[in-house]
Amino acid sequence: FPLVRIDPSRILHRDEHFLFVQKLAGELTVRGSGPVRKLPLLDLLRQQEPGIHPVNRLDFATSGIVIFARTRKALAAARACSFRKTYWALVAGSSRQQTGVIRAPLPARSGRGEVPAETRYRVLERFPGCALVEAEIQGGGRQHQIRRHFAAIGHPLVLDSDYGDAGFNRAFTRHHHYRRFFLHAASVSFRHPFTGHPITVHAPIPKAFADMLGLWRRSDRAVR
């Protein structure tokens, strides 16, 4: 791949220890086992900063904040941090509860057994057949935690082909012409392990997500 410089607007926070970057929906965080058509985010950044290491990862279709440690010392420190992560998602159906907590064990990353997992959420807006929710997880989170947890309570992410409602998804795609689920890692808060200062980083919502919300809001069908 040729040298490609990341758009500076995607750098959300930089200090001598950490780099917070906006991942795009449809972009790999790290290289997998298969062929790639474009550089994953880690490879792209390593062209300019060879020593960085990913602290967290996001699914291919998920947008938002990915944290990178700029040194091995920073990576070790990050593993001991308690990160508060907030996501925005579009889920199928409209929960009667304005807020809630989902507690359901999920597979451990090692593949051996299950571990406790908790997702807190609140409904931000309701639309016909779906809702915009804000979900919060503490710590590192588990693989597909938000997607699995909302599916477990009967409100899977809109257009989630793994855990969602296939019929609902087909109808949504026919009507709106989107094929990728809407999940955005919107903010991360933590206490900096080296300075002790509280840090909060925000990532702007992607255009496709904003356009979808704007379409519903302009139709005056949103209920807060």
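Backbone geometry of the range 180-194 corresponds, through the Karplus equation with coefficients 6.51, -1.76 and 1.60 at θ = phi - 60°, to 3J(HN,Hα) couplings of 10, 5, 9, 9, 9, 7, 7, 7, 9, 10, 6, 9, 4, x, 9 Hz, x marking Gly and Pro. The accessible surface of the chain, taken with every protein chain in place and a 1.4 Å probe, is 50 percent carbon and sulfur. The charge dipole of the chain, taken about its Cα centre with unit charges on the Cβ of Lys, Arg, Asp and Glu (plus for the first two, minus for the last two), comes to roughly 100 debye.
Each distinct pair of alpha carbons in the range 21-123 adds a 1/r term; the inverse of their mean, the Kirkwood radius, is 16.3 Å.
Rounded if a/c is under 1.5, else prolate if a/b is larger than b/c, else oblate: which is the range 124-172, with a ≥ b ≥ c the root eigenvalues of its Cα gyration tensor? Judged from the Cα gyration tensor, the range 124-172 comes out oblate (a/c at least 1.5, b/c at or above a/b).
Given the -39500 (n - 2.57) contribution per DSSP H run of 4+ residues, what per-residue ellipticity at 222 nm results for the chain, rounded to the nearest 500 deg cm²/dmol? Only helices count here, giving -5500 deg cm²/dmol.
Considering Cα pairs under 8 angstrom that are at least six residues apart, work out the relative contact order of the chain and quote it in whole percent. Could the numbers behind the result be given before it?
Values: 438 pairs, mean separation 43.7, N = 224.
Result for the chain is 19 percent.
In this structure the chain gives 54 Å² per residue of accessible area when probed at 1.4 Å with all protein chains present. The range 44-75 to the range 168-224: how many Å between their Cα centroids? Rounded to whole Å, the Cα centres lie 21 Å apart.
Using 0.36 nm per residue of separation minus the Cα-Cα distance, give me the extension gain between T99 and R170 in nm, one decimal.
Details: separation 71, 0.36 × 71 = 25.56 nm, distance 2.83 nm.
Contour length minus the Cα-Cα distance gives 22.7 nm.
Dividing the Cα radius of gyration of the chain by 2.2 N^0.38 Å, with N the residue count, gives 1.04.
The values are calculated or read from the model by the stated rules, or taken from the named source; none is laboratory data. Everything numeric here is computed off the predicted structure, so don't read it as measured data. In this analysis, Cβ positions are derived from the backbone assuming ideal geometry, glycine residues included, and neighbour counts consider all displayed protein chains. For accessibility, only protein heavy atoms count, side chains too; no ligands or nucleic acids. Shrake-Rupley method; radii C 1.70, N 1.55, O 1.52, S 1.80 Å.
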